[in-house]
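Take a look at the structure below.
The values are calculated or read from the model by the stated rules, or taken from the named source; none is laboratory data. Everything numeric here is computed off the predicted structure, so don't read it as measured data. Here the Cβ positions follow ideal geometry from the backbone for every residue, glycine too, while neighbour counts run over all protein chains shown.
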Amino acid sequence: MPEFPRDVTTSYHEGVLGRMRSRAVGTPRPGVPQVVLVQGMAVADYLLPALSALGEWTRAHLVELPGFGGSGEPPHELSVPEFGYAVADWLTTRQHDRVILAGHSSGTQVAAEAAVGHPRVAGLVLASPTVDPVARGPVRLLVRWQLDGRHEPPGLSKSHWPEWKRAGLHRLVHLVRAHLRHAMEEPLARLMVPLLVLRGEQDRLSTRQWARHLIGMVPEGQYAELPGAHTFPWLDPRAWSAPIRRFAEAVQR
């Protein structure tokens, strides 16, 4: 089980589509962009150890979407573009300079929507991006998820369970359908900031071909593979810290 951070600052934002909780670690540093991380599909806690690793060199924030984690209820069940709008609203109201916006798994789709045209976003990181065309469909997604689970380290589902329970079956089904309907290619075709795509070598939900296709859609794209499966930040919370730091430094320059 990865070590969870102890020194965490919790904040709440009364957003346009519901109250949003965010948790932050680390200290802002001159000349270093802060990192804003969007949660995965209905779950956020599993990203706290990896957030802590980012907090070793900058201020890093984990944003939870309306209806999930510690956030409030949305006015209705949201689409992926609406989740993106909620994150964009969160960014607009923060007193930050330009940031690196990141997402893991389904959070990549939300982050991509939020990043397009936003003046606070200097670069976008997609870790284990979804939904790969090979998994677009409920049955195909389920099969791929089960195959990927064989390579995931222990303790992950135990971490997810309280947040899955809070969301409830109806909302989880809606969330899966909303992400299957959303095409990552649409916001990326309009992205004008640098992009970094990260993928676990054993990921069965996001393929190498898909990741390389995504970086080819933008003016400036980089790709890196790291040990592990789809949820590689749980296997090694520090794995993505170095590539994201290099990316942030390059963007800042």
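Note on region 174-197: residues that are within 14 Å of ASP132 (Cα to Cα) and part of a loop (DSSP other than H, G, I, E, B) amount to 3. The residue of region 201-253 that is nearest to GLN34 (Cα to Cα), among those that are of a type in the set (S, T, N, Q) and in a helix (DSSP H, G or I), is GLN252.
Beta carbons closer than 7 Å, at least 6 apart along the sequence or on distinct chains, pair a first residue in region 117-132 that is over 17 Å from ALA248 (Cα atoms) with a second that is assigned to a strand (DSSP E or B) for SER128/HIS104; SER128/ARG199; SER128/GLY200; PRO129/VAL197. Scanning region 19-48 for residues that are over 14 Å from the mean Cα position of the chain (by Cα) and either assigned to a helix (DSSP H, G or I) or surrounded by fewer than 19 Cβ atoms within 10 Å (Cβ to Cβ) (or both) returns ARG19, THR27, PRO28, ARG29, PRO30, GLY31, VAL32. For region 148-173, a tally of residues being exposed (fewer than 14 other Cβ atoms within 10 Å of the Cβ), at pLDDT below 90 and part of a helix (DSSP H, G or I) returns 5.
Taken as a whole, the structure leaves VAL63 outside the set of residues that are touching a His at 6+ places or on another chain (Cβ under 8 Å), surrounded by 22 or more Cβ atoms within 10 Å (Cβ to Cβ) and touching a residue at least 40 places away in the same chain (Cβ under 8 Å).
Residues in region 92-113 that are touching a residue at least 24 places away in the same chain (Cβ under 8 Å) and more than 20 Å from ASP132 (Cα to Cα): THR92, THR93, ARG94, HIS96, ASP97, ARG98, VAL99, ILE100, LEU101.
Consider region 20-42 and keep the residues that are modelled with pLDDT of 95 or more and among the basic types (Lys, Arg). The one that is farthest from VAL125 (Cα to Cα) is ARG21. So for region 149-159 (the condition being in contact with a helix residue (DSSP H, G or I) (Cβ under 7 Å, 6 or more places away or on another chain), more than 26 Å from PRO74 (Cα to Cα), in contact (Cβ under 8 Å) with a residue 60 or more places away in the chain and among the aliphatic types (A, V, I, L, M)), does at least one residue qualify? Looking through region 149-159, at least one residue is in contact with a helix residue (DSSP H, G or I) (Cβ under 7 Å, 6 or more places away or on another chain), more than 26 Å from PRO74 (Cα to Cα), in contact (Cβ under 8 Å) with a residue 60 or more places away in the chain and among the aliphatic types (A, V, I, L, M). Within region 203-227, restricting attention to residues that are among the basic types (Lys, Arg) and without any contact (Cβ under 8 Å) to a residue 60 or more places away in the chain, the residue that is farthest from LEU48 (Cα to Cα) is ARG212. The numbered conditions (1) among the charged types (D, E, K, R); (2) touching a Gly at 6+ places or on another chain (Cβ under 7 Å); (3) without any contact (Cβ under 8 Å) to a residue 40 or more places away in the chain are all true for ASP89 except (3).
Yes or no, residue by residue, for (1) modelled with pLDDT of 95 or more; (2) more than 14 Å from the chain's Cα centre (by Cα):
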{"residue": "GLY72", "(1), (2)": "yes, yes"}
{"residue": "LEU78", "(1), (2)": "yes, yes"}
{"residue": "GLY84", "(1), (2)": "yes, no"}
{"residue": "LEU91", "(1), (2)": "yes, yes"}
{"residue": "GLN95", "(1), (2)": "no, yes"}
{"residue": "THR108", "(1), (2)": "yes, no"}
{"residue": "GLY117", "(1), (2)": "no, yes"}
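Within region 228-253, residues that are under 21 Å from SER106 (Cβ atoms) and touching a residue at least 24 places away in the same chain (Cβ under 8 Å) have Cβ atoms under 8 Å from residues that are among the charged types (D, E, K, R) and part of a helix (DSSP H, G or I) in these pairs: ALA229/ASP148; HIS230/ASP148, counting only partners at least 6 apart in sequence or on another chain. Within region 91-114, the residues that satisfy the criterion of being buried (at least 24 other Cβ atoms within 10 Å of the Cβ) and farther than 12 Å from LEU124 by Cβ are HIS104, SER105, SER106.
When the criteria are applied in full, GLU56 fails the requirement of being within 22 Å of HIS182 (Cα to Cα), assigned to a loop (DSSP other than H, G, I, E, B) and modelled with pLDDT of 95 or more.
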